[in-house]
């Protein structure tokens, strides 16, 4: 399935909740979810009661859209999570949090994960000193993500660094704003995920 290139706000309206796909716009009075509470489409106002499968499917789509992951990737992450020891749903969220584009977003260097993915694709970052341009790389404890020296002079990154001081730093990342880098010092836990996922619904969907 091709990557979605349509309006981001339509995805939030479809799920009926803010997925923070547009950065600061999601926190303003321009947010589409706050202004238009119906589902997109001509039948959106007449939405019917969602049954069990529908709830499970919607939760999966919420997680996919929140992290910007395609269906094939998402299913692959679920298979990995199911093979690991522990709770499958929590393992799945941990894997998603460890994606390179998510770490760039958590560093406060992007207003959304979509913007973070674009930055990684344009090779603005290094992983353990080596240039990378693949947003889906799963980072491990001990890995260091840093902004390239050439990119530090960019006006865009200078502006982002000014706001990065106020960003909430995850406990599993050690961020060095002076060198514009972040080291992964631990695996993210369920309480570190700041979105109210019901991951058990996703597990139930894939377990059928």
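Bear in mind these aren't lab numbers, they're just calculated from the coordinates by the rules spelled out. Everything quoted here is computed from the prediction, not taken from an experiment. Positions of Cβ are generated from backbone atoms using ideal geometry, with glycine treated the same way; all protein chains shown enter the neighbour counts.
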For the stretch 119-208, fraction of C-alpha pairs farther apart than 23 Å, in %: 36
Chain lengthening between residue 128 and residue 169 when straightened (0.36 nm per residue, less Cα-Cα): 12.8 nm
Burial ordering of 199, 191, fewest other beta-carbon atoms within 10 Å first: 191, 199
Computed Kirkwood radius, in angstrom, where 1/r is averaged over Cα pairs of the stretch 43-180: 16.6
